[in-house]
Amino acid sequence: MLFVSILTIMGLSIAGEQSMSTGAAETPARKAFYEKIDGRNLTALWTVMGALITPEPRSRCVPFGWRFADIREAMIEAGGLITAKEAERRVLILENPGLRGESKITTSLYCGVQLVLPGEVAPAHRHSQSALRFVMEGSGAHTAVGGERTRMEVGDFVITPSGAWHDHGNETDRPMFWLDGLDIPIVQFFDASFVEHHNADEQLITRPEGDALARYGANMLPVDRRRGAITSPIFNYPYVRTREALEQMRRAEAWDPCHGLKMRYINPETGDHAMPTIGAFMQLLPKGFVTAPYRSTDATVFSPVEGRGRSRIGETVIEWGPQDVFVVPSWKPVVHEADEDAVVFSYSDRPIHEKLGFFREMRGA
Ligand code: 1HN
């Protein structure tokens with residue numbers, strides 16, 4: 001009621017939400033006023049309010065899909081143009097068509113595909129941004145994070161926490177491709193970006209391979225540990241384990257109408273998401289499954305590991321297969337359809353929505 005009376009005092013029509021930002025009620029006196037205050041860096045809220053506070057999410061982010069074969073071809077070409085060392089990271093950014101030039105796949109998230117060729121090193125650095133790697137092709141190249149190396153296999157989910165030194169290397173004889181998911185736009189929004197380059201290409205390794213997973217992946221914690229860090233102490237969640245969990249669960253669990261069987265990667269110390277800013281998920285959709293429509297506020301990036309199918313996102317239909325990437329914008333209804341047993345990785349900014357209290361979802365619509 002207070003809202004209405006303020007608008008009435010302002011002399012605005014309150015017939016509908018459109019009246020708040022359309023400028024329809026612009027009189028010569030008001031226009032002159034807006035111009036006058038503009039010079040003082042002032043803007044009348046009632047001219048922009050409808051655009052600021054929308055009845056539901058309105059995003060420039062659009063539904064879109066990239067075929068891995070197309071990305072791969074361009075990456076191989078990039079491999080002939082620049083080394084990983086010279087580029088620092090040889091990556092092609094997947095830019096949302098609605099957000100070109102902004103290095104964003106959604107409003108809040110970055111996505112790239114990285115190639116490390118045999119014998120190459122991507123030199124050590126650290127930065128405020130958190131990163132996830134999702135392995136697409138290749139076997140056995142490594143990343144080193146905070147003093148430990150891990151070899152990567154297709155489907156592995158690997159984390160680089162904010163502030164952790166990281167470098168990558170490929171000692172195999174085949175190219176290695178992975179998806180990089182970073183919270184770059186979030187850090188950018190908060191003007192909180194710092195980066196530091198190591199004085200050596202590769203950081204010092206201080207722990208044996210597998211140390212983190214052995215310590216923290218056994219459902220045990222040191223007896224006096226009370227509080228966990230905001231990023232999981234596990235930094236490689238191997239696909240073999242993820243796949244086994246899904247396969248085991250499909251026998252006993254009921255299929256969720258909207259998700260099939262969908263799991264989230266967790267920080268074993270807290271039970272929270274594995275990363276503070278990015279939620280990561282793996283879901284199983286059995287052959288022939290068609291999900292019920294689902295929408296949520298967290299725009300989500302999907303990349304299937306196995307299987308083929310299609311997703312209807314609003315009016316857009318995107319066909320997908322292994323290693324393709326597609327994006328579902330905030331609040332767009334999505335229906336997934338699997339032609340074969342499909343295992344699909346995804347990531348979004350859901351942890352932030354949840355913590356700040358604006359996560360919303362709608363099932364069946
Ligand atoms: C980064 O550090 C990596 O470490 C990949 O592999 C992509 C994009 C922007 C900024 C830092 C990596 C990145 C990045």
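The values are calculated or read from the model by the stated rules, or taken from the named source; none is laboratory data. Quantities reported herein were computed from a predicted structural model and do not represent experimental measurements. Because the Cβ atoms are built from the backbone with ideal geometry, glycine has one as well, and the counts that use them run over all protein chains shown.
The set of residues from region 275-297 being under 14 Å from residue 258 (Cβ atoms) and under 13 Å from the mean Cα position of the chain (by Cα) comprises just one member, 281. Restricting the first member to region 219-245 and to residues that are under 21 Å from residue 146 (Cα atoms), and the second to residues that are at pLDDT 95 or above and loosely packed, with under 11 Cβ neighbours inside 10 Å, the beta-carbon pairs closer than 9 Å and six or more apart or on different chains are 228/271. Within region 125-140, is there a residue that is more than 9 Å from the ligand (Cβ to nearest atom), more than 19 Å from residue 327 (Cβ to Cβ), touching a Lys or Arg at 6+ places or on another chain (Cβ under 6 Å) and part of a loop (DSSP other than H, G, I, E, B)? Yes, there is a match, as at least one residue in region 125-140 is more than 9 Å from the ligand (Cβ to nearest atom), more than 19 Å from residue 327 (Cβ to Cβ), touching a Lys or Arg at 6+ places or on another chain (Cβ under 6 Å) and part of a loop (DSSP other than H, G, I, E, B).
Put simply, of 169, 147, 119 the only residue that is within 12 Å of the ligand (Cβ to nearest atom), in contact (Cβ under 8 Å) with a residue 40 or more places away in the chain and more than 20 Å from the chain's Cα centre (by Cα) is 169.
Matching residues to (1) small (Gly, Ala, Ser); (2) modelled with pLDDT of 95 or more; (3) surrounded by 11 or more Cβ atoms within 10 Å (Cβ to Cβ):
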position	(1), (2), (3)
3	no, no, no
7	no, no, yes
21	yes, no, yes
26	no, no, yes
30	no, yes, yes
44	yes, yes, yes
62	no, yes, yes
67	no, yes, yes
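The set of residues in region 45-88 that are basic (Lys, Arg), in contact (Cβ under 8 Å) with a residue 40 or more places away in the chain and not in a helix (DSSP H, G or I) comprises 60, 67.
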